Amino acid sequence: MRIDELNAHERRLWDAFSQGRRLDVSDDPAAPDPVIRSDVVAALLLGAHAEPAPGDRPALRLTGAHITGRLDLGFTDVAAPIHLTDCRFDEAPLLQGARTRQLVLTDCTLPGLVADTAQIDGRLVVTHCRLTGPLVLNRAQINGDLDLRETAIGFPAGEAVSANHAHVGGDALCANLAVEGTFRLSGASIDGEFDLEGASLRAPGRHALDAYHVRVAEDFTFHPGFSAEGRIILSGATVAAAIGFCGARLSNPGDTALEAVDVTVDRNFDLGLGLTVDGAVKLDGTRVGTELSFRDAELTHGDGTALSLRAVQARETDLRTRRPVDGAVDARNARLGTLYDDRDTWPTDLRLADATYETLAFPLPAAERVRWIRRTTGDYLPQPYEQLAATYRRLGHEDEARTVLLAKQRHRRATLPAHTRLWGHAQDLSVGYGYRPLRAGLWLLALLACGSLYFALHTPAPLDPGKAPPFNAVFYTLDLLVPIITFGQEPAFAPHGPGQWLSYTLIAAGWILATTVTAGISRAVTRQ
């Protein structure tokens with residue numbers, strides 16, 4: 001390119017480049033549309049300018065230009081940093097496979113930016129810009145920060161941001177980023193924090209954010225002010241610090257709003273403090289180093305499972321939502337650590353099969369906790385009762401544990417055939433399935449008193465008057481009630497009329513009590 005072919009603005013840029021001076025071409029009243037051809041920019045960046053003098057530090061620092069044509073730097077090595085401010089591009093710049101020192105775009109308007117497989121030694125900054133096409137950073141290597149703050153990117157038909165398998169050596173700063181279309185960065189790694197505070201992602205009915213298997217070395221934050229329409233995918237992500245959605249708004253009605261399956265978080269996973277979700281939240285298999293919190297969150301997915309915590313592991317779990325979850329909460333096979341909840345916000349449908357927890361922060365009376373367990377649409381399962389009873393035992397509340405286990409037997413009885421339920425009622429009435437052993441003693445004393453009083457007033461006739469021992473109403477009644485021990489009274493006397501029927505009743509009651517007491521002792525020994 002020859003110098004005499006340059007227009008006035010291009011010549012000024014040519015002169016400013018070698019010393020890295022900032023050039024503002026918007027201050028020329030004679031040129032309301034200061035055009036600079038992309039070929040001129042590319043020629044400067046690729047060495048068309050004369051060799052710099054000693055001490056010169058070439059850089060492209062341009063403000064207010066209208067850059068025409070495609071700026072094609074694909075598969076080139078650009079030694080000078082690029083700083084463009086308030087520039088307008090006719091075509092999307094192409095940096096595919098290029099190596100640059102630094103690329104900074106501020107307040108620019110452009111129909112996209114293609115920089116896949118590019119290597120940027122410093123920062124990539126696209127702030128306060130407006131892109132009407134996609135930002136492509138697939139497999140890009142950015143050794144500094146990726147800064148997309150206050151930028152609007154619109155490509156509703158597809159992937160507005162593509163950064164699959166990109167590597168960011170610093171922070172990914174996306175505060176107040178507005179994206180129309182999918183933001184995809186599957187397999188990307190970020191050596192600093194990933195900040196989406198105040199960002200707005202819109203892809204209704206599709207994936208708003210696809211961060212599958214992303215790796216973040218510090219915090220992954222979506223609060224406060226973050227909003228998304230469409231599905232957020234964090235499945236397989238590894239976050240060395242915390243994930244936070246406090247104050248965020250997620251919307252994907254009738255479908256999954258947040259999919260975070262098999263995520264590993266070394267510290268907190270905070271989904272509370274004002275989070276609002278219209279759609280399902282799925283965290284199956286996620287491992288949280290400290291606390292998983294839904295404190296003051298609002299979750300709505302009335303047509304199905306609003307919150308899935310299957311096989312989740314956490315040291316602490318806080319389920320104190322702002323109001324009851326609209327939909328089922330599935331915590332099957334979860335390991336919840338210390339569990340915080342509030343009876344006023346218990347979900348209507350709570351599934352706790354094979355879920356475990358170390359302790360309940362608020363144990364509550366056993367009768368209330370039994371109602372908590374029964375908040376499920378599933379069949380009878382013994383494990384939730386046994387887990388709750390074990391928790392009460394660890395707290396030293398043995399009576400509460402027995403209340404829970406008695407409730408377990410009553411629930412089980414409701415699932416049995418009618419004839420088996422009848423025997424269950426007998427065990428419940430007599431000894432509370434072995435968890436109320438004092439009932440057997442009370443029944444025995446009551447029957448003993450009734451029998452003794454009756455037979456004291458209606459002494460039965462001796463079978464052999466010459467050999468019969470002196471009659472004793474109390475020991476005669478005990479002979480009838482206790483099927484194993486004999487005092488010699490029952491074989492020596494024969495009651496008649498009502499006394500005979502009373503003796504049959506006492507014998508039957510004695511066998512029932514003996515059987516149920518034996519079953520109760522067996523349960524007490526085996527701790528079932």
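If you sort 110, 457 by accessible surface, 1.4 Å probe, largest first, the order is 457, 110.
For the chain, the per residue solvent-accessible surface stands at 44 Å², with DNA, RNA and ligands left out and a 1.4 Å probe. In this Cβ point-charge picture (+1 for Lys and Arg, -1 for Asp and Glu), the chain has a dipole of about 2720 debye about its Cα centre.
When the charge dipole of region 63-211 is built from unit charges on Cβ atoms (+1 for Lys and Arg, -1 for Asp and Glu) and taken about the Cα centre, the candidate among 192, 73, 172 whose Cα reaches farthest toward its positive end is 73.
Protein chains only, probe 1.4 Å: how do 507, 190 rank by accessible area, largest first? It would help to have the intermediate numbers written out before the result.
Values: 507 60, 190 5 Å².
Reading off the accessible areas and sorting them downward yields 507, 190.
Measuring with a 1.4 angstrom probe and ignoring ligands and nucleic acids, residue 282 comes out at about 80 Å² accessible. When only Cα pairs below 8 angstrom with a gap of at least 6 residues are kept, the chain shows a relative contact order of 5 percent. Using the Cβ-Cβ distance between residue 349 and residue 315 with R0 = 25 Å, the FRET efficiency computed as 1/(1 + (r/R0)^6) comes to roughly 0.45.
Of the beta bridges DSSP finds with both residues in region 93-145, what % are antiparallel, to the nearest 5? It would help to have the intermediate numbers written out before the result.
Values: 0 of 13 bridges.
That works out to approximately 0 percent antiparallel.
Annotation: extensible slack from residue 218 through residue 79 equals 47.0 nm (criterion: 0.36 nm per residue apart, minus Cα-Cα distance). Under 5 Å from the amide H of residue 273 lie the amide H atoms of 295, 296, 297, each residue being 5 or more positions distant or on a separate chain, with H modelled from the backbone and absent for Pro and chain starts. Share of carbon and sulfur in the accessible area of the chain stands at 53%, probe radius 1.4 Å.
Taking the Cβ-Cβ separation of residue 449 and residue 380 as r and a Förster radius of 60 Å, what is the calculated FRET efficiency to the nearest 0.05?
Values: r = 38 Å, r/R0 = 0.64.
Efficiency computed from Cβ-Cβ geometry: 0.95.
The values are calculated or read from the model by the stated rules, or taken from the named source; none is laboratory data. Keep in mind the model is a prediction, meaning the values are calculated, not measured. FYI the Cβ positions are ideal-geometry reconstructions off the backbone, even for glycines, and counts take in every protein chain you see. Note: accessible area is taken over every heavy atom of the protein model, side chains too, but ligands, DNA and RNA are not part of it. Shrake-Rupley method; radii C 1.70, N 1.55, O 1.52, S 1.80 Å.
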